[in-house]
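To keep things clear, I will list the structure first and then write my remarks on it.
FYI, it's all coordinate maths here, none of it is from the lab. Not measured: the values here are computed from a predicted model. Glycine gets a Cβ as well: all are built from the backbone with ideal geometry, and neighbour counts include every protein chain shown.
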Amino acid sequence: MKRYLIMLAAVTLVSSMAWAQDGAALYKAKCAMCHGPMGEGKVGPSLQKTALNQQQVADLLTNGAAGKKAPHSKAVAGLTAAQAGEISNYVMTLKK
């Protein structure tokens, strides 16, 4: 029984880590409400036409940028650097 519980806990942990690192899911949870589900732009600008590269997007999410409108004037709350990297990878797939 103890071995079963340990295996169950390990599978749950790995599954939750994989979900947390999924750029598309993170984008939908943190970004889509302003930038649109496909990055087409809504309240926030279109990400399909962004001039930012992958590293710049990740830096913007983790550090913010002076002069940008909220929420990007500061780091996005509750987002790790690894998660920002996953989102920036996903954003690059949206560019046209």
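Dipole orientation for segment 23-94: of the candidates Val91, Gly39, Pro71, Pro71 has the Cα lying most toward the positive pole (charges on Cβ; Lys, Arg +1; Asp, Glu -1). Extending 7 Å from Cα along the Cβ direction at Ala66 and again at Lys42 yields two label points whose distance is 3.2 nm.
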